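Undergrad: Pasting in a structure now, in structure tokens, and then I'll have a few things to ask.
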Amino acid sequence: MTEPKLIAIVGPESTGKSELTEALARELGCPFVKEIARSYLAEISTFYSKADVEAIAKLQFEAEENAKALNPEFIICDTTLLVIKVWMDSAFGETPEWIIKSLYVPRYSHHLLTDIDIPWQPDPLREHPMQRKYFLEKYKEELNAFGLPFSLVSGLNSDRLNNAFNSLKAFGLLGKLND
């Protein structure tokens with residue numbers, strides 16, 4: 001039994017991560033892991049705390065482990081502990097050590113970093129409409145700091161999906177699929 005290839009979708013708010021996750025999973029016929037923060041934050045009635053974000057991190061990791069138990073070839077992950085780290089650093093100025101340590105352990109076959117070239121979509125859970133460029137650079141910095149393989153994915157609509165596939169092909173992850 002081989003380990004599934006986990007593909008991480010990361011990036012600033014309102015850059016199409018969830019849409020790309022679902023589209024890739026649909027095209028590859030594989031499971032995907034939703035962004036846990038959305039459902040978690042929708043259920044609490046107060047502003048989130050550091051403890052809430054850490055709980056979200058644990059639930060996100062657990063959801064990935066549950067998907068791995070299905071033993072598919074691929075799993076597409078909408079948000080990872082890297083996203084949690086960027087969020088915690090921004091909101092609280094620090095990240096728990098266990099999250100940082102986990103980022104040094106190779107987990108994902110590749111990261112697709114979503115570009116800020118699509119229009120901002122307002123959402124009650126989104127906080128930084130004017131800082132997308134800052135956060136895009138922050139993601140690049142963090143991906144490089146942890147030595148995580150990534151590609152920047154740009155384009156609108158089907159172009160974004162095609163560019164994601166081309167990135168995965170370029171890194172040898174898709175082999176003969178979709179040729």
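The values are calculated or read from the model by the stated rules, or taken from the named source; none is laboratory data. Source: prediction; values computed, not measured. When we count neighbours, we look across all protein chains shown, and the Cβ atoms used for this are built from the backbone with ideal geometry, even at glycine.
Undergrad: Considering only segment 61-112, state which residues are closer than 25 Å to E13 by Cβ and assigned to a loop (DSSP other than H, G, I, E, B).
TA: Residues satisfying the conditions are T79, T80, G93, E94, T95, P96, R107, Y108, S109.
Undergrad: Within segment 134-150, work out how many residues are surrounded by fewer than 18 Cβ atoms within 10 Å (Cβ to Cβ), more than 16 Å from I7 (Cα to Cα) and either touching a strand residue (DSSP E or B) at 6+ places or on another chain (Cβ under 8 Å) or modelled with pLDDT under 95 (or both).
TA: Of the residues in segment 134-150, 1 are surrounded by fewer than 18 Cβ atoms within 10 Å (Cβ to Cβ), more than 16 Å from I7 (Cα to Cα) and either touching a strand residue (DSSP E or B) at 6+ places or on another chain (Cβ under 8 Å) or modelled with pLDDT under 95 (or both).
Undergrad: Moving on to the next point. So which of N71, N66 ends up being surrounded by fewer than 20 Cβ atoms within 10 Å (Cβ to Cβ) and at pLDDT 95 or above?
TA: N66
Undergrad: Another question, if that's okay. I'd like the full set of residues that are assigned to a loop (DSSP other than H, G, I, E, B) and either at pLDDT below 95 or over 28 Å from E137 (Cα atoms) (or both), limited to segment 13-46.
TA: E13, S14, T15, G16, G29, C30, P31, E35, I44, S45, T46
Undergrad: Something else now. Which of the numbered conditions does I118 fail, given that it passes all the others? Conditions: (1) touching a residue at least 24 places away in the same chain (Cβ under 8 Å); (2) outside any loop (DSSP other than H, G, I, E, B).
TA: (2) is the only condition that I118 fails.
Undergrad: Okay, next question. Please list, ordered by first then second residue, the pairs with beta carbon atoms under 8 Å, 6 or more apart or interchain, first in segment 32-51 and within 23 Å of A8 (Cα to Cα), second in a helix (DSSP H, G or I) and among the basic types (K, R).
TA: Matching pairs, first to second residue: E35/K17.
Undergrad: Among the residues of segment 136-155, are any part of a helix (DSSP H, G or I) and under 17 Å from E35 (Cβ atoms)?
TA: yes
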